[in-house]
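Report on the structure given below.
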Amino acid sequence: MDETFDREKIIDSMFDPVISSILADLEDGEKECSYLAQHASLSESEVLERLSYLIIHGFVSKNSDTGKCLLVANPDKLESVVEHSENFDAAISGLEKMDSYLN
């Protein structure tokens, strides 16, 4: 993987409770920003702000061509960050962070 993103920042984003909830909503496909905002109890601009790093680097795609803000996750790219061997320690750290949120 020869990418120009901060893998740790991507993993931290994926395990952030709010962002992970939004990503879970995107698992079944494209969703309107308004739906995601309502579901996460945020404004649409806050949803876009929280996802901005993931959008910039192609982990989440934003489409506004229809006049509505639509978001879709790239599950293969998200999984590849966690599965990449260089990221094993970061993934474990991310899981530990998620566990600390749950406890």
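The values are calculated or read from the model by the stated rules, or taken from the named source; none is laboratory data. Bear in mind the structure is a predicted one, so any value in this text is a computation, not a measurement. Heads up, the Cβs are rebuilt from the backbone with ideal geometry, glycines too, and the neighbour counts pull from every protein chain shown. SASA here: full protein model, heavy atoms, side chains in, ligands and nucleic acids out. Shrake-Rupley method; radii C 1.70, N 1.55, O 1.52, S 1.80 Å.
The table for this structure:
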{"read-out": "Residue that is among the hydroxyl-bearing types (S, T, Y) and surrounded by 15 or more Cβ atoms within 10 Å (Cβ to Cβ), where the choices are S13, S34", "value": "S13"}
{"read-out": "Those residues of the stretch 1-38 which are β-branched (V, I, T) and within 18 Å of S64 (Cβ to Cβ), in sequence order", "value": "I22"}
{"read-out": "Number of the exception - V72 against (1) open to solvent by less than 30 Å² (accessible area, probe 1.4 Å); (2) of a type in the set (V, I, T); (3) at pLDDT 95 or above", "value": "(1)"}
{"read-out": "Unmet requirement for S20, which otherwise passes all of (1) assigned to a helix (DSSP H, G or I); (2) in contact (Cβ under 8 Å) with a residue 24 or more places away in the chain; (3) farther than 15 Å from K97 by Cα", "value": "(3)"}
{"read-out": "Near pairs, Cβ below 8 angstrom, 6+ apart or cross-chain, from the stretch 59-80 (within 16 Å of I19 (Cβ to Cβ)) to any residue that is open to solvent by 30 Å² or more (accessible area, probe 1.4 Å) and assigned to a loop (DSSP other than H, G, I, E, B)", "value": "F59/N74; V60/N74; S61/N74; L71/E30; V72/E30"}
{"read-out": "Some residue of the stretch 27-35 being under 20 Å from G94 (Cα atoms), at pLDDT below 95 and out of contact with any Ser or Thr (no Cβ under 9 Å at 6 or more places or on another chain)", "value": "yes"}
